[in-house]
1. Of all residues being closer than 13 Å to residue 85 by Cα and in contact (Cβ under 8 Å) with a residue 12 or more places away in the chain in the stretch 40-70, which is surrounded by the most Cβ atoms within 10 Å (Cβ to Cβ)? Just the residue, please.
2. Give the residue, chosen from 48, 23, 37, that is out of contact with any Lys or Arg (no Cβ under 9 Å at 6 or more places or on another chain) and closer than 12 Å to residue 73 by Cα.
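The values are calculated or read from the model by the stated rules, or taken from the named source; none is laboratory data. Model, not experiment: these values are computed from the prediction. When we count neighbours, we look across all protein chains shown, and the Cβ atoms used for this are built from the backbone with ideal geometry, even at glycine.
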Amino acid sequence: MDIAIPALPVGILTLLAFFAPYAIGALNGVLPFVQKAWQRKVVSILFALALAVVVVLFYVNITGEPVGNIWVFLLLAVVIVSASYALITGGTAKAIERKTDRTALDPSKVTRAEYRASRGE
């Protein structure tokens, strides 16, 4: 079994994955239908796939060479972006998500009961 993926798109994908948690956190806060944990995971996976497609399109456009096994590359993108989100900057991305959340009330401007009611507690 030979899995041949050029190093250049993997390197670009890895570099872009360092910034992906911030974009995912902002999307999770801005999108009004993202409320539950499984919806956040879906946004993360879809963003990783979109990032991989963008990298592949730029690579093919610039070099004219195919990437190889595109499915392995897409799986690699999901793994890299998920690991980056979970291990490297998960706390910071969650802070960005809280700041951009349009449905959450500001805890400094409401009572504790109102805040808990808005969070569903």
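1. 48
2. 48
Here is a yes/no grid of residues against (1) surrounded by 13 or more Cβ atoms within 10 Å (Cβ to Cβ); (2) at pLDDT 70 or above:
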site: 27; (1), (2): yes, yes
site: 38; (1), (2): no, yes
site: 100; (1), (2): yes, no
site: 110; (1), (2): yes, no
